[in-house]
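All remarks here apply to the structure that follows.
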Amino acid sequence: MRGCGVELADKIKTLGGRIEKQRASVLTEEACKNAFVMPFLSALGYDVFDPDIVVPEFTADVGVKKGEKVDYAIKLNGKISMLVECKGCGANLAVSHMSQLYRYFSVTDARFAILTNGIDYWFYSDLDEPNKMDQRPFFQFNILDHRPDDVAELQKFAIDMFDLDTILSTASNLKYSSAIKAELIKEFDNPSEELVRMMVARVYEGRFIQKVKEEFAPLVAVAIKDAIRDMIDRRLATALEVGTTNWPTPPAVSVIEPVSADSSGGEEGVVTTPEEIEAYHIIKAIVRSEIKADRVTMRDAQRYCAIIIDDSNRKPLARLHFNAKTVKYISLFTADKQEERIKIDSVDDIYGFAERLRQTAASYSEKVSS
């Protein structure tokens, strides 16, 4: 039985696919609420059709702003726990959109508020000052661009997992770590004078004048990117080394099938998953010692994702059978192109077949690209 987090990830993935198809036709705020926001709340387990749980157009008297409404109020155990304010799909969320949430936050029992455009969800609390909504969100979730860790954090807001103390205990660290990460990304893309000055002081003995700043700023930017690339390369090389020296013996072959020379890929409606992309890059890195990386290509299809040489189905390297929800297989190939389908538990298991993959790649290494 799969865990709640996996189920939520599946629901978010499905909703993300729908948003990709429909976002161009969702032109109004009301359409955004109906098409994207309500399904999002449903994915978290909230019955959007039960007014005792999800209260639409929630109204409270706030000073001189009589009758002002917030789009949704979510109730747990009869008390308002979260407020949700929606903007149109594609709207750039900003501080100016917070006004209604900010006013309502102080006159309700809510400890959390969500500002959303149906794609981005910004989560707020009162970490800086009690009963006063923070200016900065402590968690941001993008339904089209997120990591597994983000889904795990979102899971805390599901109706069956919601616990005020648990969320608040990690919210402060999450808020500032996210902010620091955002600042680091800014520095990586466009190093500030403070960072350039600090780096130059460690490697250059002269005075930090304007000319020196102008000379070193682009060098710092390039050096940062090179350093990140080097760290990634080292981690990948270590993983490959471990995979070829200490990996357990691969499991027994479960299926042997002949290769179809005319099987095709790139079918309509095929969605290439992040796991398939990760597996492709792992395989490509493994066989670089035997064959040029640009000869290794991926072609996805309904039944499997093919990793092939020279973009030719006649030169199979591996096949990924990741479409099943609970079981994954990788197909390897013998010298006479017989397919051996092997069950794996995770993408990392591919490292255990590094030698087999290299042998297959080597069989094509001297052949002319077709």
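We did not get these values from a lab; they are worked out from the coordinates using the rules stated. Just so it is clear, the structure is predicted and the values come from calculations on it, not from any experiment. Heads up, the Cβs are rebuilt from the backbone with ideal geometry, glycines too, and the neighbour counts pull from every protein chain shown.
Points worth noting:
- At 1.567 mPa s and 4 °C, Stokes diffusion of region 71-110 via Kirkwood alpha-carbon radius, µm² per second: 117
- If R0 is 41 Å, the Cβ-Cβ spacing of residue 176 and residue 337 corresponds to a FRET efficiency of close to 0.15.
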